[in-house]
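Read the structure below first, then the notes.
Throughout, read-outs are computed from the coordinates displayed, never taken from laboratory work. Bear in mind the structure is a predicted one, so any value in this text is a computation, not a measurement. When we count neighbours, we look across all protein chains shown, and the Cβ atoms used for this are built from the backbone with ideal geometry, even at glycine.
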Amino acid sequence: MHMKRVEGRTMAIHKLLLKVALLGAFLFGPYHNHVAQADDSLTKPGCRSSCGNLLIPYPFGLTDSDSHCRINSSSFIVDCDYSTSPPVPYMWNRSSNIKILHISVEDHEQRISAPIARNCYNSCGCNDFSSWLRLAKFPLSSTKNKFTAIGCDTSASFRDRHEKFSFGCMSSCSSVLDVSNGSCTGIGCCETSIPRNSFSYNISITSFSNHSDVLDFNPCSYAFVAEIGSYNFSVGDLRQLKFNDHPLVLDWAIGNQTCEEAKKNSMSYMCTNNTICTDTENGSGYKCTCLEGYRGNPYLPNGCHDIDECADPEMNQCEKICHNVIGNYTCSCPKGYHGDGKKGGGDGQGCIANPSHLMKILVGVAVGIIVLLFSIGFLYFGYKKRKLIKFKEHYFKQNGGLLLQEQLHECDRTTKVVKLFSAEELEKATDNYDKSRIIGRGGYGTVYKGLLPNNTVVAIKKSRLVDQSQIEQFINEVIVLSQINNRNVVKLLGCCLETEVPLLVYEFVNNGTLFDHIHNKSLKLSWETRLRIASETAGVLSYLHSTAFTPIIHRDVKSANILLDANYTTKVSDFGASRLVPLDQTQLSTMVQGTLGYLDPEYFQTSQLTEKSDVYSFGVVLAELLTGKKALSFDRPEEQCCLATYFLSSLKNDKLFQIVDEVIANEENNEQVKEVANLSERCLKIEGKERPTMKEVAMELEGLRAMAKHPWVSGINVNPEETVHLPGEKTDVHIDSIVTTGTGYTENMKNHVMPLVSSGR
C-alpha cells in the first residue's frame, strides 16, 4: 500500500514537472518570442496576438482568450491547435478543418485554405461528386477569387448555400496535345468569376462519358474556388493535381447594419477616433478604416496613430524640408529660396532660389560643370586613345601582323606588293562602313566599296570571323594571293590587321557577278561570251591548282564569285574559304565549307578536300552557263531542285536542248554546246578520281574557243609534201597545223580530227 502511494506521488510530481516544462516552453520558447514580437497595436492589451505564423488583429480573437479580446461573434473566433509545431489556426473551431492563412484589417480580408473537389474514374466508371464548403458569415471576395475546373470530360457547377444562384463552366478535350500550359479557356481547364454575396457553397462535378475517352491521361476532374494568381494551369495537372488545398479570399465586415444604423447605438458602434466608416459592398455590415495620414487598427481605442510621412521620402512631396503634423505634413524651403516647397511636376512650385542667391549658385555650378566636363573629356579621350592603340596592337598580333611583316621582310623587295592599310584609312574610305557602301554579302563576310586618297576605287572585304588556328595559313594566303599575276583573278592590293577581324582590300570590279548576268533575263550573254568566261575561269582554277608556288583550292567556286568587268573579262574572287595545299599532300581533312548546290558530294561525305572538289563546283557553273538555271532552287519541281542532278538526268535522257538557255538555243552552236555539256558531265562525276583535272578542263575549253574562232576547214595549210587528199575535194589538210592550232587543243580535239583525216572522209 505504501509503495502504491509513493508511486502515485511520483507520477503526480512528474505530471507537475511536465506541465511546468510545457509552460516554460510556451513562455520562453520560440513561439512566445514570436508572440512577443507581434505588433501589439493590433490587439487589446493583455491579449495574445498570434497563433503560429498568423497575426490575429482585433476584432478577431482566440477561442481560449478573454471575451474582451474579440467581439462576440463566432465568425471572428480563431481556434489555435497547439498540438502541432508551429500551431495551426482554424476558422471558429478546428472541426471546420478550414485553416486561416492571413487576416488583414486594412483591406478587411481573410485568406483561408479551402479544399479541392475532385471526381476520379476508372475503367468501371464512377458516380458524380459534390462537395460542400461551409464558411462563416463572411462572403467570398468577388474581385479576388476565381472558380476553376480542370479536366477533359468535366462539367463543374457552383451553387450558393441558400440556392439563390448557381453557375459553372465546362472543360473538354480529346487529346493532351490540344491542351496548353497556362491556358484556361475551356480546353482542359475553364474558369469563371464569382458573383457578390456568395457565402457557403456547394461544388458539383459531373462527367459526360465517365472519362472513358480520356482515361489514359485524365482520370480525374477537379473544381475549386481559389485566389486569383494562386494557381497556374499545367498540362500535367490533368493526370494528377498535386495539391489538396488552395487559398481563397473572404471579405469581412462588422455586424449586419449600415454605418448610419450602427452610429445610432454608440455602445456597439466600433469605429474609434481618426477613422471613417463605409458600408460593405459584398455581404452586409460596415467597415472602419483609418483616416488618410493615419495607420493602425481602427477598431481599437486610439488604434489609428499618425504616420510620420517625413521619415519616408516616398510618402511626401517635399523638395527640401518636410515637417510632420498630426494626420499630415507640410513643406518649406531653406533660407535663400521661396515657394511652397513641394516637388515640381504636379501642383507644386518647388523651391525657387532668390535672384541674387540664384545668380551665385548658377555661376558656381556653371564653372564647376565646365571644369568637370573638361577634366572628364580630357581623361576620357586620353583613355579611349590609349585603349584604341592597345586594341590595334592586340588585333595586329592576333591576326598575324608580326608574321606577315617577317615574311615580307624575307621576300625579295620586288615582291612586296601587299600593303598594310591602317584602320583609319579604310574607315575613311568607306565612310565608317556606311550601309550605302555595301556592294555584296556572302557567307564569309561583307564587301564595301571604298575610295582611297589617291582616288583608287577598291573593294574592302570585312570577314565575319577568323579561325585563330588558321592565322599562319591566312598570312601565307595573303602573301601568295598578293603575288598572283593572273589577269583573271581579282587583285589583292593589301590588308588591315588592326581590327578584330582582318580586312582585305581588292581591286574594284564594276560590272557585277556572273550570277547576275545569267539569271537577269534582261542581260543576255551570248554563247561566245559564256564560252570565254568558262575558259577564263577554268584557266584561273588550273593556275591555282598547278602553277601557283603553293597550290590553292578555292573551295567556293560559284557564279556569284565570278566577277565581270566592263569588257566582260572574268575576275575570280572571294578566297575567304580557300585553303593552301602543302606540296607533299594531295588532300586535306577540313570542316566542310561551301555553297549548297555547288558543294562536292564526295567532299561533303568524307570531309576530304581535294582539287577535284573545285572541279565539281566548276561543273555546276558550266551547267548554269548552259541552262541559265540556278544551282539550287526550291521554286522548281522536286526532281529539278538541284541543277546538277537535273542536268545529268537530262543528258542521260538525251534532253539537253530542252533545258539549254533560250539565248544559246537560238545561236545554233549545237556541237560546241554538246562538247561543253559532256565536259560538265565529266566534272560532275560522283567520284573525284573520275573527274578531269582543271588543267585538262582549261585546255579543252580553250580548244573549243580556238575552234570557234578558227574552224579547221578555214585553217588549212597547203603543203604538197605533207598532205592527204579528201575524196571529191582538191583541198590538202596539214594535220600538224590542225593539232597545233592554238595552245589549248587537247587529245579530245585530236580524237575528233584524226579519224576524219585518216579515213579519207
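What's the FRET efficiency of L291 with K435 using the Cβ-Cβ distance as r and R₀ = 56 Å, to the nearest 0.05?
Plugging the Cβ-Cβ distance into 1/(1 + (r/R0)^6) gives 0.35.
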Q | Sum of side-chain charges, C318 neighbourhood, beta-carbon under 9 Å (Lys, Arg +1; Asp, Glu -1) | A | +1
Q.
For the pair I321/D308, report the inter-label distance in nm, with labels modelled 7 Å from Cα in the Cβ direction.
A. 1.9
Q. Out of the stretch 143-249, which trypsin sites (Lys or Arg not before Pro) are coil in DSSP terms and have no more than 10 other C-beta atoms within 10 Å?
A. K242
Q | Separation in nanometres of the label points that stand 7 Å from Cα toward Cβ, at T330 and N97 | A | 6.2
(Q) Within 10 Å of each candidate Cβ there may be at most 11 other Cβ atoms; applying that plus a DSSP loop requirement, which trypsin sites (Lys or Arg not before Pro) in the stretch 273-348 survive? (A) K335
Q. What spacing in nm lies between the two simple spin-label points modelled at N485 and Y568, each 7 Å away from Cα in the Cβ direction?
A. 3.0
Q. What full-extension length gain, to one decimal in nm, is calculated for S526 and D81 as 0.36 nm per residue of separation minus the Cα-Cα distance?
A. 150.3 nm
Q: Find, among the trypsin sites (Lys or Arg not before Pro) in the stretch 507-538, those assigned to loop by DSSP (not H, G, I, E, B) with at most 12 other beta-carbon atoms within 10 angstrom.
A: K521
Q: Compute the Rg to Rh ratio over the stretch 109-251 from the alpha carbon atoms, using the Kirkwood formula for Rh, and round to two decimal places.
A: 0.96
Q) Which entries in K461/K630; K524/K571; K164/K242; K428/K558 show an alpha-carbon gap greater than 21 Å? A) K461/K630; K164/K242; K428/K558
**Q.** Sites A548 and F381, calculated FRET efficiency, Cβ-Cβ separation with R0 45 Å, nearest 0.05
**A.** 0.45
Q. Which part of the stretch 223-250 falls in the paramagnetic zone of N181, meaning amide N under 19 Å from the point 7 Å along Cα-to-beta-carbon?
A. 229-243
Q | Out-of-range pairs (alpha-carbon distance over 26 Å; input K384/K449; K385/K419; K462/K695) | A | K384/K449; K462/K695
Q: Please report the base-10 log of the normalised intensity I(q)/I(0) for the stretch 475-562, using a Debye sum with one equal scatterer per alpha carbon and no solvent, at each q in 0.12, 0.16, 0.18 (1/Å).
A: -0.45, -0.77, -0.93
**Q.** Additional length obtainable on full extension of the chain from S234 to D66, 0.36 nm per residue less Cα span
**A.** 55.8 nm
Q. Taking 0.36 nm per residue of separation and subtracting the Cα-Cα distance, what length does fully extending V367 through Q398 add?
A. 6.6 nm
